[in-house]
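The values are calculated or read from the model by the stated rules, or taken from the named source; none is laboratory data. Predicted model, so just to flag it, every value in this text is computed and none were measured. Note: ideal-geometry Cβ built from the backbone for every residue, glycine included; neighbour counts use all protein chains shown.
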Amino acid sequence: MTLKFIDGKDKFESLFRDLEEARDHIHLQYYIFRDDELGTRLIDLLTRKAKEGVKVRVLYDEMGSRRIKKRSFNKLIEAGGEVEVFFPSKIPLVNLRINFRNHRKLVIIDGKIGYVGGFNVGDEYLGLNKKFGYWRDTHLRLVGDAVHAIQIRFILDWNQASERNDIYYAPNYFPETHHPGNVPIQIVTSGPDSEWETIKNGYIKMISAARKSIYIQTPYFIPDASIMDILRIAALSGVDVRIMIPNKPDHMFVYWATYSYIGELLKAGAKVYIYDNGFIHAKMIIIDGEAASVGTANIDVRSFRLNFEVNAFIYDNETSQRLMNVFEDDMQKSRLLTLEDYQKRPLLIRFKESISRLLSPIL
């Protein structure tokens, strides 16, 4: 069973309501955790729940959350909460491990409710950053057996980061579900600790099965040869391939590399939409309105090989159609980039694309 959020305010209002109802444990993991207004509000709530006797654990990535200090969690720790940092620096103020970051965003409440998707913790995800404006993302709220799968992922990540290695597979973390539901969901994780690029392989399998349409939303589009080839073949075969990307850079080189790859797919007949209503950060694929994927993995080499990621693959017509409707609504707030317009881009833009394309394997 899933409930989707495409707006940060709606997502965090729902999350705070669920956290208020927690009785046994809260497991919370984010790539970016800021100590701004939203982050402080969340820490205060977690602190209060810890004082009530709820077991609270917070895991964040040091590189993604480099602006926050662990002392920001002092009140939570004093109340009995636990906080761990993923791959912390061994040198004060310097983290040389740029790669192998934990890009996952997970929350598990009492083993019964789970959240997974693209929103991190920070005011910008509520649309309060003037640079980005409205923040458009996609997040899922899960109940049922799928929650057990993301619980396992959190436990593995926590035990890797914590010297205590103190979470065991206790029954209270995996309570019997009272939401049998009928939406098949597969939680897929990937990372440099895996032999296979499982999320990328899932994307390839989905795309190769498409007969009518492929809808993709991604802030970064730097595919490797396998993804690029299969999308090109799909477009040339008459499949309706639509890709939506931001109209402004989050990371400059990534932005121009994205345009380089987009240009190739335009030549193959794909449709490209530039989202103009703020910044689109959603990582979503919908195939034929029958299957979909929502999670943390972008369409780039970093997500496929270097970062630790998690996606929910959904095999349900109704849910996939609802997500497809979201994409089509976003089209109304986007402009179509035509091949003619792309070919008219200035020489300076072509130069930026060329340099960024050369750097794309390490972006």
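Listed values, structure above:
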read-out: Unmet requirement for Glu176, which otherwise passes all of (1) surrounded by 12 or more Cβ atoms within 10 Å (Cβ to Cβ); (2) without any contact (Cβ under 8 Å) to a residue 12 or more places away in the chain; value: (1)
read-out: The stretch 332-346 residues that are farther than 19 Å from Val241 by Cβ, paired with ones that are surrounded by fewer than 11 Cβ atoms within 10 Å (Cβ to Cβ) and of a type in the set (Phe, Trp, Tyr) (beta carbon under 7 Å, 6 or more apart); value: none
read-out: Residue list for the stretch 258-279, filter: in a helix (DSSP H, G or I) and either among the hydroxyl-bearing types (Ser, Thr, Tyr) or under 20 Å from the mean Cα position of the chain (by Cα) (or both); value: Thr258, Tyr259, Ser260, Tyr261
read-out: Members of the stretch 113-127 that are touching a His at 6+ places or on another chain (Cβ under 8 Å) and either more than 13 Å from Phe279 (Cβ to Cβ) or of a type in the set (Val, Ile, Thr) (or both); value: Tyr115, Val116, Gly117
read-out: Residue match in the stretch 12-32 (condition: farther than 29 Å from Asp145 by Cα and of a type in the set (S, T, N, Q)); value: no
read-out: Residue within the stretch 218-227 that is within 26 Å of Trp135 (Cα to Cα), within 15 Å of the chain's Cα centre (by Cα) and modelled with pLDDT of 95 or more present; value: yes
read-out: The stretch 315-352, subset at pLDDT below 90 and not in a helix (DSSP H, G or I), residue farthest from Val183 (Cα to Cα); value: Pro346
read-out: Residue that is surrounded by the fewest Cβ atoms within 10 Å (Cβ to Cβ), among those in the stretch 289-305 that are among the charged types (D, E, K, R) and under 16 Å from Pro192 (Cβ atoms); value: Arg305
read-out: Within the stretch 101-156, considering residues that are among the β-branched types (Val, Ile, Thr) and either in a loop (DSSP other than H, G, I, E, B) or more than 15 Å from the chain's Cα centre (by Cα) (or both), the one farthest from Thr2 (Cα to Cα); value: Ile155
read-out: Members of the stretch 223-242 that are in contact with a Lys or Arg (Cβ under 8 Å, 6 or more places away or on another chain) and either surrounded by 23 or more Cβ atoms within 10 Å (Cβ to Cβ) or on the phi > 0 side of the Ramachandran plot (or both); value: Val241
read-out: Pairs, first assigned by TED's automatic domain parsing to the domain that holds Phe12 and touching a residue at least 40 places away in the same chain (Cβ under 8 Å) in the stretch 33-58, second part of a strand (DSSP E or B) and charged (D, E, K, R), C-beta under 6 Å, six or more apart; value: Arg57/Glu82
read-out: Which numbered condition Ile185 fails, given (1) exposed (fewer than 15 other Cβ atoms within 10 Å of the Cβ); (2) of a type in the set (A, V, I, L, M); (3) under 16 Å from Asn311 (Cα atoms); value: (1)
read-out: Matching residues, the stretch 1-19, being under 19 Å from the mean Cα position of the chain (by Cα) and at pLDDT 95 or above; value: Phe5, Ile6, Asp7, Gly8, Lys9, Asp10, Lys11, Phe12, Glu13, Ser14, Leu15
read-out: Selected residue (only one of Val254, Val310, Val294, Val272 is modelled with pLDDT under 95, in contact with a strand residue (DSSP E or B) (Cβ under 9 Å, 6 or more places away or on another chain) and either assigned by TED's automatic domain parsing to the domain that holds Val147 or among the aliphatic types (A, V, I, L, M) (or both)); value: Val254
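Residue-wise test of (1) β-branched (Val, Ile, Thr); (2) crowded, with 21+ Cβ neighbours inside 10 Å; (3) closer than 30 Å to Asp276 by Cα.
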position	(1), (2), (3)
Glu82	no, no, no
Phe86	no, yes, no
Ser89	no, no, no
Lys105	no, yes, yes
Leu156	no, no, no
Asp166	no, no, no
